[in-house]
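The structure appears below as structure tokens.
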Amino acid sequence: MKHAIKTLLLFLTAIQLPALAYPAARHVFSEKTFEERIRDAELAGDREQVATICREWYASGQYSPGVLNWNYNALMSVEENSILLTHNESDTYPAFLLQYALNVRPDITILNVQLLENQKYRTLIAQSKPFIIFPENCSPEEFINRLTSASIFGTPAYFGIMSNKDLLRAEEGKMYLTGLALKYSETPFDNIAVLRYNYENLFRTDYLNLNMTPESEPETVARINLNYVPALTLLHRHYTASGESAKADRVKELALNIARAGDHEAEVNALFKSQEPEKPVQSDISPKVLDKAMKKIGDKLYAAETEVTNAQYELFLQDLLKNRDFDQLALCRTTKTDWRALLPENLRSLSDEVIFRNGNPDDGEAPVENISHESAQHYCEWITKVYNASTAKKKFKKVLFRLPTQEEWILAASGGLKDEPYPWPGGYYVRNSRGCYLCNMNATEPCGDCAADKEGGANDGGFFPVHATSYFPNAFGLYCVSGNVAEMVQEPGITKGGSWKDAAYFCQIRSINKYTEPAPSIGFRVFMEVTEE
């Protein structure tokens, strides 16, 4: 358990949240906000003036109690006499207020990365760190690199958890979560023990459950509190492994309360469920699994054997959550469908056993639907990074996962057949010799030899999408290229193959169907282009 933190921490390449939108605190005699005045004084290197403004700010009461408590815990995540690199107004100036107005952790040197863009400011900081050699006019990136290397001189360096993820990506293997900050360390250490001590002995957490102080912008405070989730997730895993079930339950409850307030309860709950050994979500998205699932359709072009499933897409959403990429998570998460409401009124009273006899559309094995074209593209970008970044054994060095062009989709769907309207031989027939339907579409006549499917009118085996490996694959080994869910292509607004709600004509290989928004009948299939063998 000592180093189990890294399995989650590698997902945490830091957080890029916008600065809080709580009302700017203004001094009664100045048009500038307190934050702006502090920034000007900090850039000038006048720490006495910074202290004076912070005391004025605290006396005015024009600050967010929730943000102040958050910054208190951020400071408590850092060891004595450290450098703390911050990124936003919301994780910098309230921390200054705590230091200068309330004497909370004055030993920490807080440096805002955005302020470090200023050469004059970098020079002032360099003068205060004579043991580190800073070349004249060095870049902000080189300056930060030298600050982090200061650990060899006995000055530990930390990054605030809201730091720009691009800034941390190159060094993420050297970042160790200690609460609301990440310590830069060349050598591994037992940061879970540090995290546990900080949480149990130093953190203020009562305000997260019982907020007795009114907030002018509670939604923005709820958003910044989402940054607690990685630490609480790791603590839950640690307490569970240590047999401390009561503590594990408490941190889980706290994380879910935070997620509920921040409108991400479902995603955080799924994150905890993914840690349960008795019910693991699909977690193997390794290159080996991806290679096996791709079927060759051209020289360097492959197509996935199934439409992207709910389970596969859920891995993507959980990764966004673990990476704290809430903006993309909000964009890409699916909208749940009330399937029963889509039935004709005379069939809505049927039991679930009848309606979902061949699988529920919400099952992990069913195709994902109700997502946007942009979300599908983001999924392709994500799985490309997963494959290319992996050091495990894989078939190709670099690939590009993407949506297909219409021509590529037709090539894959035809399975090598020429001039056939469907992915199977037999002309315009949509049933086999026994009268059984060959795809999931809107069939108006009963299946010829499937007595069970006549009940309730699910003539082709499913009222709605069925599992992605249903029916026979085509000659390339691709399932459900006709029917089930219509598949998006590169051109926005166009789908191919038809869906469970479409008549047979629209499920033909060369039919073009159009859409304007996400729908329960639209999903996608990824194609893989080999870019480097």
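None of the figures in this text is laboratory data; all of them are computed from the coordinates on show. Small disclaimer: the values here were computed from a predicted structure and weren't measured. Note that we place each Cβ from the backbone using ideal geometry, even for glycine, and neighbour counts take in every protein chain shown.
Only Cα pairs under 8 Å and at least 6 apart count here; give the relative contact order of the stretch 287-532 as a rounded whole percent.
About 28 percent, as a whole number.
Quick one: work out the % antiparallel among DSSP beta bridges in the chain, nearest 5. If you can, show how the numbers build up before the last one.
Values: 24 of 34 bridges.
About 70 percent, rounded to the nearest 5.
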Exercise. What's the local net charge at Asp362, with K and R +1, D and E -1, over the other residues with C-beta under 15 Å away?
Worked result: -2
For this session: Grab the DSSP H runs of the chain that are 4 residues or longer, score each as -39,500 (n - 2.57), total them, divide by all residues and round the 222 nm result to the nearest 500 deg cm²/dmol.
Result: -10000 deg cm²/dmol
Problem set entry | ³J(HN,Hα) computed for each position of the stretch 481-494 - Karplus, 6.51 cos²θ - 1.76 cosθ + 1.60, integer Hz, glycine/proline x | 6, 10, x, 6, 10, 5, 10, 5, 10, 4, 6, x, x, 10
Exercise. Taking θ as phi - 60°, what are the ³J(HN,Hα) couplings along the stretch 507-522 by the Karplus curve (6.51, -1.76, 1.60), each to the nearest whole Hz, with x for Gly and Pro?
Worked result: 9, 6, 4, 9, 5, 10, 10, 10, 8, 10, 7, x, 8, x, 9, 10
Seminar exercise, completed: For the chain the mean separation of alpha carbon contacts under 8 Å (6+ apart) over residue count, i.e. relative contact order in percent, is 13 percent
Seminar exercise, completed: For the chain, the longest principal axis of the Cα atoms and the Cα long axis of helix 310-322 enclose an angle in degrees, to the nearest 10, of 10 degrees
For this session: Give a residue-ordered list of calculated ³J(HN,Hα) values for the stretch 31-44 (Karplus: 6.51 cos²θ - 1.76 cosθ + 1.60, θ = phi - 60°; whole Hz; x for Gly, Pro).
Result: 7, 7, 6, 4, 4, 5, 5, 5, 4, 4, 5, 5, 5, 7
Exercise. Where does the stretch 47-125 land on Rg(C-alpha)/(2.2 N^0.38 Å)?
Worked result: 1.06
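Under a Cβ-Cβ cut-off of 9 Å, what is the net charge of the residues other than Ser64 that fall near it, where Lys and Arg count +1 and Asp and Glu count -1? Walk me through the intermediate numbers first.
Numbers: positive: none; negative: Glu215, Glu217.
Around Ser64, the surrounding residues sum to -2.
Any idea what diffusion coefficient the chain gets from Stokes-Einstein, in µm²/s, Kirkwood Rh on alpha carbon pairs, 10 °C, 1.306 mPa s?
Estimated via Stokes-Einstein, D reaches 61 µm²/s.
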For this session: Show the residues, 5+ positions off or on another chain, whose built amide H is closer than 5 Å to the amide H of Asn112.
Result: Thr86
